[in-house]
Amino acid sequence: KPHLAEALTLTSPALHFRDEVSNILNLAHSDFRVSSPEKASEMSVLIQRSKSFFDEPMRAAVGLAAQDPELFTHYFSNKDAMARYFGAWAKNNLTMDMEAFLSVSSDYGSSPDVSLAVKQLDLPTQVILGANDPVIAADREVATCRKLFKNLTVLRFSSSSHFPHLEEPENYLLKLQS
């Protein structure tokens, strides 16, 4: 049966979404300990109250993390790329729809481990990661991708964090075309 696609590229895959959310909360909590100890305390209480993934306390903690003005600085190694990205958002009056994010995240996070649900695909696949990404556990994501894809290439962009396609766009496009 022919493939629907000739190749696949995954950029900063978050196949272990619960861990990624935990990393995001830890980043925001660390920032808040310095900038807003009361928010750090509130976040700690919410996380302690949470009994299941994306229950109300967890959703509130993620919403609080989104208020961290420093949070997205962790997603970028290249601060010029970050300024361009957020400048484009501001210029076009774009905002993040937090309710939509929480809804999708809740569904995604409650799904079983994706590696258990999929037969290993024999499709040329490349995973592109930022070498400085604090959000995903790159080694774990790569290990899961090795279970999912027979023909896997892993590329780590040394000057990027979570958004290699925004931080090193020329290199990223070259890798897509190769």
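Placing 24, 136 in order of accessible area, with the largest value first and a 1.4 Å probe, yields 24, 136. In terms of the mean number of neighbouring beta-carbon atoms within 10 Å, the peptides 158-170, 52-64 order highest first as 158-170, 52-64.
Restricting the calculation to alpha carbons of the range 45-110 gives Rg and Dmax of 14.3, 40 angstrom.
Equivalent-ellipsoid semi-axes for the range 43-178 (Cα gyration tensor, √(5λ), whole Å, largest first): 27, 24, 13.
Using the average count of surrounding beta-carbon atoms within 10 Å as a protection proxy, the listed peptides 142-154, 84-96 rank, highest first, as 142-154, 84-96. Converting the Cα gyration tensor eigenvalues of the range 131-178 into ellipsoid dimensions via √(5λ) gives semi-axes, longest first, of 19, 16, 6 Å. By how many degrees, 0 to 90 and rounded to 10, does the Cα axis of helix 138-148 deviate from the longest principal axis of the chain? With both axes taken from Cα atoms, the answer is about 40 degrees.
Bridging of residue 79 to lysines at a Cα separation below 25 Å is possible for 91, 175, once same-chain residues fewer than 8 apart are set aside.
Heavy atoms of the protein chains alone define the surface here; on that basis the range 68-178 has 59 Å² accessible area per residue at 1.4 Å probe size.
Only helices enter this figure: runs of n ≥ 4 DSSP H residues, each worth -39500 (n - 2.57), summed and divided by the residues of the chain, yield -16000 deg cm²/dmol at 222 nm to the nearest 500. Extending 7 Å from the Cα toward the beta-carbon at both residue 49 and residue 177 defines two label points whose distance is 5.3 nm. Listed values for the range 8-17 are Karplus-derived 3J(HN,Hα) couplings in whole Hz (6.51 cos²θ - 1.76 cosθ + 1.60, θ = phi - 60°), namely 9, 10, 10, 10, 6, x, 10, 7, 10, 4, and x replaces Gly and Pro.
Dipole orientation for the range 58-178: of the candidates 69, 106, 128, 128 has the Cα lying most toward the positive pole (charges on Cβ; Lys, Arg +1; Asp, Glu -1). Distance in nm between label sites at residue 100 and residue 36, each 7 Å beyond Cα in the beta-carbon direction? It is 2.4 nm. For residue 139 and residue 159, a Förster radius of 22 Å and the Cβ-Cβ distance give a FRET efficiency of 0.70, rounded to the nearest 0.05. Counting only protein heavy atoms and a probe of 1.4 Å, the accessible surface of the range 23-171 is 54% carbon and sulfur.
The values are calculated or read from the model by the stated rules, or taken from the named source; none is laboratory data. Keep in mind that this is a model prediction, so the values were computed, not measured. FYI the Cβ positions are ideal-geometry reconstructions off the backbone, even for glycines, and counts take in every protein chain you see. For the accessible areas, the whole protein counts, side chains as well, though only heavy atoms, and no ligand, DNA or RNA atoms are used. Shrake-Rupley method; radii C 1.70, N 1.55, O 1.52, S 1.80 Å.
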